[in-house]
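**Student:** Submitted below is the structure of interest, expressed as structure tokens.
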Protein chains: 2
Amino acid sequence: ELLSELIAFFQPKLLAGRRVLITAGPTSEKIDPVRVITNRSSGKMGYAIARAAREAGAEVILVSGPTALAAPYGVRRIDVESAVDMHAAVMAEAGRSDVFISVAAVADWRVANASDSKLKKRADGRPPSLEFEPNPDILAEVAALPSGPWCVGFAAETENLEEHAQAKRVRKGVPLLVGNLAQRAMNADDTELVLFDETGHHAMPPADKIIAARRLVEQIARRLPVRPSP
Amino acid sequence: ELLSELIAFFQPKLLAGRRVLITAGPTSEKIDPVRVITNRSSGKMGYAIARAAREAGAEVILVSGPTALAAPYGVRRIDVESAVDMHAAVMAEAGRSDVFISVAAVADWRVANASDSKLKKRADGRPPSLEFEPNPDILAEVAALPSGPWCVGFAAETENLEEHAQAKRVRKGVPLLVGNLAQRAMNADDTELVLFDETGHHAMPPADKIIAARRLVEQIARRLPVRPSP
């Protein structure tokens, strides 16, 4: 922690006085008391960005799905499981935040007929039937807030990154969307980020996630609207 | 590790010369390259039993689904993700093992139409349709091997433990089945085990998982058939 503090001390304080809300990790959608639908997100990228934002002087709130990671030094973490939980935690904090960075891999759907007791194998050996309903679109909802935070989205794709990411940026209504290739980044310590904004896209060099996170924080700080004087 | 070795040294060597195969943790069934169906098993109980069996002098092979745990000292771990992977790893080791303890929370079904690329939200906003097919029943298959290992099953139930567990023991064809209440044991450090065998059931007192694991190993050792002299 001392070393973290020393490194943090020497980072430029580009986000001093800013409140940054970040989501990270997977969500876990209940099928029954023991079974869940989730995804392979390790949370490493979101945690690295939380650390980098804190190093840059921001007050950081990290809304995290289930991960095996420790909260970065000085970051306030709120633990959630499902997308609905994450939505509630984010909406409670969004209005007071200057920046919202949506890194979590939020499930698009939840199980509509989740069971309160463990599903048993049926006598006829047929699988249970799962019905799905859509989860709230947390990023689009925060982006649509009247005087909400400046929003950054993430897109993990397995193919056609450029096409999917730019379309997602426009659909969500956010000024900046960060793309990466899921099969390269998932659970890895390295990543290769591409920034999509209204002027086009900008590929950043492959790097360790904390280095990439510091570069991303710098890019975000540079684009933030100047604060009105108090 | 030194302390582990000291504690292990003073445990009675009830399983000396025995080869014990254990499964632990959840399985992770692929929906697409990023989404999975899994369960809340932390792997703690299986890892505790692996440690206790090693302390009791056994050679221990631990086939483990994805967990955040380190392999216990002296235990050989084989990492797997899906039930199909776990089945293959277990069947490769079962014939050479004296005891098989199936602690893993193996998914009953896998996704039959898993996708090689990330499923996109459909334009009409409707959820994707998942089809399921049954996974192999690893415990029943090992129990049915002609000269296979002595088998111990686990049943994590949320209700009607006694009824479900005794029925499961008979259905799987195993001499010993260990039941616990899922909502109490999942991810906890304590557990309350109930042993089911052909004579009835025996409730063990609540205990830390490693203490409970040592008691269970003792119960298993006591029930093992005497080895034929070489």
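The values are calculated or read from the model by the stated rules, or taken from the named source; none is laboratory data. Model, not experiment: these values are computed from the prediction. Glycine also receives a Cβ, built like all others from the backbone with ideal geometry; neighbour counts cover every protein chain displayed. Quick note on the areas: whole protein, heavy atoms, side chains included, nothing else; ligands and nucleic acids left out. Shrake-Rupley method; radii C 1.70, N 1.55, O 1.52, S 1.80 Å.
**Student:** How much length is gained if the chain between A:L145 and A:I211 is pulled fully straight, taking 0.36 nm per residue apart and subtracting their Cα-Cα distance, in nm to one decimal?
**Tutor:** 20.7 nm
**Student:** Also, quick follow-up: At a probe of 1.4 Å, how much accessible area disappears from chains A and B on forming the pair, both sides counted, to the nearest 100 Å²?
**Tutor:** 3100
**Student:** Enumerate the lysines that A:K120 could reach by cross-link, defined here as Cα to Cα under 16 Å, with residues fewer than 8 away along the same chain left out.
**Tutor:** Once the sequence-local lysines are set aside, what remains near A:K120 is A:K30, B:K168, B:K172.
**Student:** Using the Cα centre of chain B as the reference point, and only Cβ charges (+1 on K/R, -1 on D/E), how large is the resulting charge dipole? Debye, rounded to the nearest 20.
**Tutor:** 280
**Student:** Express in % the proportion of alpha carbon pairs of the protein assembly as shown at distances exceeding 28 Å.
**Tutor:** 56
**Student:** Measure off 7 Å from each Cα along the Cα-to-Cβ vector at B:L2 and A:L3, then give the distance between these two points in nanometres to one decimal.
**Tutor:** Going by the 7 Å Cα→Cβ label model, 2.3 nm.
**Student:** In addition: Can you pull out the GluC sites (Glu not before Pro) in region A:148-182 that DSSP calls coil and that have at most 13 other Cβ atoms within 10 Å?
**Tutor:** A:E159
**Student:** Still on this model: At 0.36 nm per residue, minus the direct Cα-Cα distance, what do A:E133 and A:T199 gain on full extension? Give it in nm, one decimal, please.
**Tutor:** Once the chain is fully extended between A:E133 and A:T199, it gains 20.2 nm.
**Student:** On to the next question. Considering the rotational relationship between chains A and B, which residue of chain A contributes the beta-carbon of minimal distance to the axis, and what is that distance to the nearest Å?
**Tutor:** Residue with the nearest Cβ, plus whole-Å distance, for chain A: A:A68, 2.
**Student:** Okay, next question. 5 Å is the cut-off here: which amide hydrogens, built 1.01 Å from N in the peptide plane, fall below it relative to B:N39, excluding neighbours closer than 5 in sequence?
**Tutor:** It is A:V36, B:T27, by chain and number.
**Student:** Give me the dipole magnitude in Debye, nearest 20, for region B:1-123 about the Cα centre, with unit charges on the beta carbon: positive for Lys and Arg, negative for Asp and Glu.
**Tutor:** Roughly 420 debye, rounded to the nearest 20.
**Student:** Then there is this: Per residue, what volume in Å³ does the Cα convex hull of region A:1-108 take up?
**Tutor:** Hull volume over Cα atoms, normalised by residue count, gives 93 Å³.
**Student:** Would you mind giving the mean number of other chain beta-carbons within 10 Å of the Cβ of each residue in B:35-47, as a whole number?
**Tutor:** Mean partner-chain Cβ count within 10 Å for B:35-47: 4.
**Student:** Okay, next question. Would you calculate, for chain B, the mean residue ellipticity at 222 nm contributed by helices, counting each DSSP H stretch of 4 or more residues as -39,500 (n - 2.57) and dividing by all residues, to the nearest 500?
**Tutor:** Calculated at 222 nm, the ellipticity per residue is -9000 deg cm²/dmol.
**Student:** Additional query: Need the C-alpha centroid separation for region B:14-57 versus region A:70-116, integer Å.
**Tutor:** That distance is 30 Å.
**Student:** Okay, next question. Which order do the peptides B:47-54, A:139-146, B:207-214 take when ranked by the mean count of other beta-carbon atoms within 10 Å per residue, highest first?
**Tutor:** B:47-54, B:207-214, A:139-146
**Student:** Taking a label point 7 Å from Cα toward Cβ, how far is A:D208 from its twins in the other copies, in nm, shortest first?
**Tutor:** 3.6
**Student:** Right, another one. Considering the alpha-carbon set of chain B alone, what are its Rg and its Dmax in angstrom?
**Tutor:** 18.4, 69
**Student:** Separate question: I'm a student and want to see the number: the projected area of the Cα convex hull of region A:43-99, averaged over all directions, in nm².
**Tutor:** 3.8
**Student:** Largest first and in whole Å, what are the equivalent-ellipsoid semi-axes of region B:77-212 based on the Cα gyration tensor, each being the root of 5 times an eigenvalue?
**Tutor:** Output for region B:77-212: semi-axes of 31, 21, 15 Å.
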